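Working notes, beginning with the structure itself.
The values are calculated or read from the model by the stated rules, or taken from the named source; none is laboratory data. No experiment lies behind these values; they were computed from the predicted model shown. Backbone-built Cβ (ideal geometry, glycine too); neighbour counts: all protein chains shown.
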Amino acid sequence: MVSTLNDRIGRWVASVGINPHLAPTSEYLDEHFGAGPDPCRSGVDPRQIESWERRHGFALPRALVSWLVLSNGFYLNDSPLIHPLTAIGPMVPFARVPNLIVQPESWFELGNPNVETICIDLAYQWPGNGGGNPIFTSGDDLAQSAPRLISTSFEAWFLEILRTGGREYWFDPGFPALGDPWTEHRRHTPVPPLPDRLVPFAPHVRPLIHQGADDRSIATTLGISRGDVEALLRHLQHGSPGFAGP
């Protein structure tokens, strides 16, 4: 089993152009992944990945695509550190994010190893050499844990997963988180455009939000559709710090 994993890791490293010295050795993989079930699955057809990208309107990072073609997911004791393609979907929020009302359409759940789900922002590339689509945790209000960025790219995150034997290393004491995913999303992506016909409604949305109105009641009050309300909220929350209130 582990020789199969070692072969796939070697092929993944080569396809992405990663220095092979950064990947764990075959002996290390055997020690940390050899006792349990096979962490790999059969690879996915690239045409299915293209279909996923058309359906969701975002491109998956090359390193993730390369892995999915080799193994449709990555598991540790049957927990998906990386979901199969069909389970990679819009992030399910488990924690309230300050100043966020409508979740970015680019936030997708990537895996569910154990404590919190792992997500990826497909809207932007982290600046600097080696930057890719950032990886972040979902957070959990019950555990009083806020969402936080934990890696600047899929490949950096996955390599560290392999090097730490599948451990959720981002919960280690002193782990240097990279910030808040919503703050960084706003920093690195443009404000979602607002159609001209909705501009006159924008000044009326903030007081309704601060009164506790939801999208349905805002739509009824302003005489517009709930889709229009979502477009207004996406625009206003991105460009107006503190728009959502305390």
Across (1) in the same structural domain as residue 82 (by TED's automatic domain parsing); (2) farther than 30 Å from residue 79 by Cβ; (3) among the basic types (Lys, Arg), residue 167 clears everything bar (2)
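So which of 61, 37, 20, 80 ends up being in the same structural domain as residue 133 (by TED's automatic domain parsing), in contact with a Phe, Trp or Tyr (Cβ under 9 Å, 6 or more places away or on another chain) and farther than 30 Å from residue 182 by Cβ? Steps first, answer last, please.
On the way: 61 fails: farther than 30 Å from residue 182 by Cβ; 20 fails: in contact with a Phe, Trp or Tyr (Cβ under 9 Å, 6 or more places away or on another chain); 80 fails: farther than 30 Å from residue 182 by Cβ.
Criteria check complete, one pass: 37.
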Original post:
Does residue 167 satisfy being assigned to a helix (DSSP H, G or I) and not aromatic (Phe, Trp, Tyr)?
Top reply: no
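Taking residue 52, is it over 19 Å from residue 153 (Cα atoms) and aromatic (Phe, Trp, Tyr)? Spell out how you get there, then give the answer.
On the way: over 19 Å from residue 153 (Cα atoms): yes; aromatic (Phe, Trp, Tyr): yes.
Judged against the criteria, residue 52 is a match.
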Can you find a residue in the range 193-212 that is in contact with a helix residue (DSSP H, G or I) (Cβ under 6 Å, 6 or more places away or on another chain), within 27 Å of residue 127 (Cβ to Cβ) and in contact (Cβ under 8 Å) with a residue 12 or more places away in the chain?
yes
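For the range 170-217, which positions are assigned to a helix (DSSP H, G or I), over 22 Å from the mean Cα position of the chain (by Cα) and under 14 Å from residue 243 (Cα atoms)? It would help to see each step written out before you state the result.
Filtering the range 170-217 down to residues assigned to a helix (DSSP H, G or I) leaves 170-171, 181-188, 196-210, 215-217.
Within this subset, residues satisfying the condition of being over 22 Å from the mean Cα position of the chain (by Cα) are 196-210, 215-217.
Of everything in the range 170-217, those that are assigned to a helix (DSSP H, G or I), over 22 Å from the mean Cα position of the chain (by Cα) and under 14 Å from residue 243 (Cα atoms) turn out to be 202, 203, 204, 205, 206, 207, 208, 209, 210.
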